[in-house]
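Right, one structure below, let's go through it.
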Amino acid sequence: MLLRIEIMEKGEGLISRVFRNRRVRIGFFVLPATAYLFVFLILPMISILIFSFWRTERYVLIPDWNVHNYVTIFTQWAYIKFLLKSITMASFVSAICLLYGYPVAYFVAKEGGRYRLILLILTAAPFFTGTLLRITAMQHILGPIGLLNMFLANIGLAPIQVLMYTNLSSSIGFVYLWIPFMILAIYLSLLNFDFELLEVAKIYGAKPFRAFWEITWPLNWVGTVVGLVMVFIPTLADNATPLFLGGMFGKLYGNILFNQFGESGTWAMGSAMGVVLFLVCFAVIAAFGQTINLKRMGYFGG
Amino acid sequence: MMEKTVVRLEQVRKTFGRVVAVDRIDLGVKTGEFFAVLGPSGSGKTTLLRIIAGLETPDQGRVLIEDEDVTLYPPYERYTGMVFQEFALFPHKTVAENIIFPLRMQGHLKDEQEKQLKWVLNLIKLPGYEDRFPHQLSGGEKQRVALARGLVSRPKVLMLDEPLANLDRELRKEMEVEVRRFQLELGIPFIYVTHNQEEALTMSDRLALIKDGSLVQVGDKLEIYNHPKTSFAAGFVGSSNLFEGEIVEIEDDAFVMDYKDLKIRTPKCEGGQKGDTVKLFVKTEHMELGKQLKGIENTMEGIVRDSIFKGQYVDHIIELKNKAVITVSRNISDRVQIKREDMVQVGWNIQAGHAFTD
């Protein structure tokens, strides 16, 4: 007996012996993720946070610590205005994506049958090309010389002004860009949803919409929140869509922020704006998180 | 009380693609009746319930609830209740919220909801469970809550779709009694769907036997148990021995069947001709067993291969001379002492059997 154990230990390689240590094992799996987060998330955040308390002079960052950038952001109406405008835009786009995406996801999950996967991939088909290309494509549909207005001109009608370089055309672009996220998030949630519960609700007197509101909506709220966040956050931070589709008066917070790192070269100000943007995103996620009560979502535990 | 028909099905038929799930069924369920629908899985029992509840629309026929044609009514206008095998409680709602759901949907006032909740929680013996969530309940508790949800609004009919199938044996026995008690106390007609004949026989007043979407036999449970009309009914209800063979002789009041070289007398059945194959069912408890049987019409010899203790009775497994194996149930207090490998005689009177040529 004793002899055999010795042989086993001798036969064991260095690597497996090292791996018997629990700390080593945990480190092996946790370290890469930690390193990734540190290099690509924490480090840039820290640098932006630091820069935001510096100032820029003639395109050069000068490390004298001050809060001037933040004072500017919160006292000058222009910055607040663009922030509010972006928040409004993101809320509007999220709402439209929700209204439009929920029925699509519901249909695919409930009625899709064996075509579910294909239908889902089709909703994400625009993702097969780059974001910029997609926005340009949108420009070619909605713009003054786009398909829509060319068609209207051909049949002798006036172009639709409200779709040419306006906030509305930006929002259409945003919805087009991000709605696959919404559909996917809700779809994945509905996959685990027991549709039989709706039949139960109906037997006990709930009309279809009431059954949805009492059963489907709360039980899929987590997935819905994921979808909302995945639309809200990128819309809030985006600059390309308003640039291509929004026109002169369609600029959003993202464009102003981008300018700080581009034309005006005021990196410190840009960093401060970035920090504010991050805080807004964080607040939104936290607010949504408040609405989630796992017990109430039908999850086990607690 | 006048016996009124609460639920009536007239020539109801439903197909899914090429599969006929329910085939021209006529059925009436009366006030205060415990009605069981018994059939093997896939026989169309559940579809039948779903048609009554309004979850499926029949291709043909009518559904009447309290003399009103509800065939095209949606489920939420039928005022029925349903209890499912998988309980189907709303996982995000507490016990109290689950139970008062039908009352809320029907627009009852808060006070009324509270009152009914209290009453029904006492009925199912779970007072104090109001704030628990379904995942905090045991299987039996879940099914009690589901029953409470079904009963709280006093539906016109309560349908139960294999409600005890997910519970373990002990609990099932206990719940059988409980479910029966609820039904008697409230007088609401129950339609109880099951593939478990024991359950159906224990609880119901009347029984419908269903196979491949068609009704085989409907009637009083004892009637079906003692006088099955088809070989399916005879084989499915109760536990029987099946003897199958050719009719070799027709006597005045019996057929003589050749069962693997054993001659067995069976009651006559319509249309039986010499040379036809006949199926004979004899309930295991209608068989006699002894060292030397006297005055019994069919007797044969065999060897006791095993005796299985079942509580109040014992199942003796007997191998006949022609190597066929049959079961004979005897009361535990039976005076005949039988050991394994004993040579015995097995027998029964002609009229104890049920013969069919279908």
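The values are calculated or read from the model by the stated rules, or taken from the named source; none is laboratory data. Computed from a predicted structure; not experimentally measured. Neighbour counts run over all protein chains shown; Cβ positions are idealised from the backbone, glycine included. Keep in mind that these areas ignore ligands, DNA and RNA; they rest on the heavy atoms of the full protein, side chains included. Shrake-Rupley method; radii C 1.70, N 1.55, O 1.52, S 1.80 Å.
General remarks:
Yes/no per residue for (1) modelled with pLDDT of 95 or more; (2) touching a Lys or Arg at 6+ places or on another chain (Cβ under 9 Å); (3) of a type outside the set (A, V, I, L, M, F, W, C):
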| site | (1), (2), (3) |
| --- | --- |
| B:V63 | yes, yes, no |
| B:D69 | yes, yes, yes |
| B:P75 | yes, yes, yes |
| B:Q85 | no, no, yes |
| B:N98 | yes, yes, yes |
| B:K115 | yes, no, yes |
| B:K118 | yes, no, yes |
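- Some residue of the range B:310-322 being out of contact with any His (no Cβ under 7 Å at 6 or more places or on another chain), assigned to a loop (DSSP other than H, G, I, E, B), closer than 27 Å to B:E251 by Cα and open to solvent by 60 Å² or more (accessible area, probe 1.4 Å): yes
- Top-ranked residue in the range A:160-190 [being over 20 Å from A:V231 (Cβ atoms) and either within 14 Å of another protein chain (Cβ to nearest Cβ) or open to solvent by 60 Å² or more (accessible area, probe 1.4 Å) (or both); ranked as modelled with the highest pLDDT]: A:Y165
- Checked against the criterion of being among the aliphatic types (A, V, I, L, M), open to solvent by 10 Å² or more (accessible area, probe 1.4 Å) and assigned to a helix (DSSP H, G or I), the range B:147-167 contains not a single residue that satisfies it.
- Which listed residue, of B:V193, B:V145, B:V157, is touching a Gly at 6+ places or on another chain (Cβ under 9 Å) and within 30 Å of A:W213 (Cα to Cα): B:V157
- For the range A:62-77, the set of residues classified as of a type in the set (F, W, Y), open to solvent by 100 Å² or more (accessible area, probe 1.4 Å) and in a helix (DSSP H, G or I) consists of A:F74, A:W77, listed by residue number.
- Taking the numbered list (1) of a type in the set (A, V, I, L, M); (2) farther than 22 Å from A:M269 by Cβ; (3) within 27 Å of the chain's Cα centre (by Cα); (4) exposed (fewer than 15 other Cβ atoms within 10 Å of the Cβ) in turn, A:L157 passes all entries but (3).
- Only a single item in (1) within 14 Å of chain B (Cβ to nearest Cβ); (2) surrounded by fewer than 21 Cβ atoms within 10 Å (Cβ to Cβ); (3) free of Cβ contacts under 8 Å to residues at least 60 places away in the same chain is not met by A:M297, and it is number (3).
- Looking only at the range A:191-223, and only at residues there that are in contact with a Leu (Cβ under 7 Å, 6 or more places away or on another chain) and within 14 Å of A:A109 (Cα to Cα), the one that is farthest from the other protein chains (Cβ to nearest Cβ): A:G223
- Strands (runs of 3 or more DSSP E) wholly inside the range B:225-268 containing at least 1 residues that are out of contact with any Asp or Glu (no Cβ under 9 Å at 6 or more places or on another chain) and surrounded by 14 or more Cβ atoms within 10 Å (Cβ to Cβ): B:240-250, B:262-266
- Reported count of residues in the range A:140-154, each being open to solvent by 100 Å² or more (accessible area, probe 1.4 Å) and touching a helix residue (DSSP H, G or I) at 6+ places or on another chain (Cβ under 7 Å), is 2.
- Residue in the range A:127-139 that is on the phi < 0 side of the Ramachandran plot, of a type in the set (D, E, K, R) and either touching a strand residue (DSSP E or B) at 6+ places or on another chain (Cβ under 9 Å) or open to solvent by 60 Å² or more (accessible area, probe 1.4 Å) (or both) present: no
- Test result for A:I118, open to solvent by 70 Å² or more (accessible area, probe 1.4 Å) and of a type in the set (V, I, T): yes
- Subset of the range B:279-289 (residues that are open to solvent by less than 70 Å² (accessible area, probe 1.4 Å) and under 26 Å from the mean Cα position of the chain (by Cα)): B:K279, B:L280, B:F281, B:V282, B:K283, B:T284, B:M287
- Every test in (1) of a type in the set (S, T, Y); (2) surrounded by fewer than 19 Cβ atoms within 10 Å (Cβ to Cβ); (3) assigned to a helix (DSSP H, G or I) is passed by A:S264 save one, and that test is (3).
- With respect to the conditions (1) within 13 Å of chain A (Cβ to nearest Cβ); (2) open to solvent by 10 Å² or more (accessible area, probe 1.4 Å); (3) touching a residue at least 12 places away in the same chain (Cβ under 8 Å); (4) not β-branched (V, I, T), B:Y129 falls short on a single one, namely (1).
- Check on A:M230, surrounded by fewer than 19 Cβ atoms within 10 Å (Cβ to Cβ) and away from chain B (no Cβ under 14 Å): yes
- Residue check, A:P242 assigned to a helix (DSSP H, G or I), touching a Gly at 6+ places or on another chain (Cβ under 9 Å) and either among the basic types (K, R) or within 30 Å of B:G107 (Cβ to Cβ) (or both): no
- Residue match in the range B:177-197 (condition: within 14 Å of chain A (Cβ to nearest Cβ) and open to solvent by less than 40 Å² (accessible area, probe 1.4 Å)): yes
- Within the range B:323-358, the residues that satisfy the criterion of being assigned to a loop (DSSP other than H, G, I, E, B) and closer than 22 Å to B:D253 by Cβ are B:N349, B:T357, B:D358.
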